[in-house]
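Take a look at the structure set out below.
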Amino acid sequence: MPQNIQKIFKNLKNIEPRAGLEKRVLKAISAGSVRKLKQKLLLIRAGIAVSAGFLVYTSAVFGRYFFQSNFWNLGKLAFSDTGVVMIHWKDFLFSLLESLPVAAVVALLAPVFLMMMLSSLYFKFSGNRSKFYQV
């Protein structure tokens with residue numbers, strides 16, 4: 001049996017791959033990379049759209065609560081009675097911070113933060129796009 005295997009390998013010609021095989025393999029790898037990149041960019045665009053919708057929703061719900069809070073009334077006091085505010089500035093700042101609707105501020109800023117993060121990723125990956133189209 002081992003002699004038959006040796007005879008088979010002696011009779012084989014030295015097989016070389018086709019001339020354009022390397023180029024086709026690299027093109028297929030590049031196409032796969034482009035497809036993955038397009039999928040990432042599509043998911044990022046969808047995330048930006050969802051966070052923009054969430055921003056509109058939170059602006060409608062929490063924006064009203066934020067603008068109707070006592071925070072703005074105390075803020076107006078700084079412009080109307082500036083002298084009194086300057087004398088008692090520490091108490092004024094503490095009162096201003098106490099009346100700040102933190103939940104509404106966080107709810108309004110969370111989608112903005114998410115949109116900024118996703119935009120950063122989008123620009124990072126869209127900059128790599130030209131690298132894949134060169135092959």
Fill in the blank from the handout: The one condition S126 fails out of (1) out of contact with any helix residue (DSSP H, G or I) (no Cβ under 7 Å at 6 or more places or on another chain); (2) within 30 Å of V34 (Cβ to Cβ) is (1)
Problem - Filtered residues of the range 122-135 (kept if in contact with a Leu (Cβ under 9 Å, 6 or more places away or on another chain) and either at pLDDT 90 or above or of a type in the set (G, A, S) (or both)) - result: Y122, S126
Practice task
Report yes if K90 is more than 27 Å from S119 (Cβ to Cβ) and either of a type in the set (G, A, S) or modelled with pLDDT under 90 (or both), otherwise no.
Solution key: no
Completion exercise
Checked R24, R45 against criteria (basic (K, R), on the phi < 0 side of the Ramachandran plot, in contact (Cβ under 8 Å) with a residue 24 or more places away in the chain and out of contact with any His (no Cβ under 8 Å at 6 or more places or on another chain)); the one match is R45
Problem - The lone exception for K38 - which of (1) modelled with pLDDT under 90; (2) part of a helix (DSSP H, G or I) it fails - result: (1)
Fill in the blank from the handout: Per the list (1) in contact (Cβ under 8 Å) with a residue 24 or more places away in the chain; (2) more than 22 Å from M116 (Cβ to Cβ), residue check on T58 breaks on (2)
Problem - Which listed residue is outside any helix (DSSP H, G or I), of a type outside the set (S, T, N, Q) and out of contact with any Cys (no Cβ under 9 Å at 6 or more places or on another chain), from A19, A52 - result: A19
Practice task
Examine the range 59-79 for a residue that is over 39 Å from the mean Cα position of the chain (by Cα) and either assigned to a helix (DSSP H, G or I) or more than 30 Å from F125 (Cα to Cα) (or both), and state whether such a residue exists.
Solution key: yes
Exercise for the section: Could you tell me whether the range 84-98 includes any residue that is assigned to a helix (DSSP H, G or I), surrounded by 12 or more Cβ atoms within 10 Å (Cβ to Cβ) and in contact (Cβ under 8 Å) with a residue 40 or more places away in the chain? Expected result: no
Exercise for the section: Answer yes if at least one residue in the range 116-129 is surrounded by fewer than 16 Cβ atoms within 10 Å (Cβ to Cβ), among the charged types (D, E, K, R) and in contact (Cβ under 8 Å) with a residue 24 or more places away in the chain, and no otherwise. Expected result: yes
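The values are calculated or read from the model by the stated rules, or taken from the named source; none is laboratory data. Because the structure is predicted, anything quoted here is derived from the model rather than measured. With ideal geometry, Cβ positions are generated from the backbone for all residues, glycine too; neighbour counts draw on all protein chains shown.
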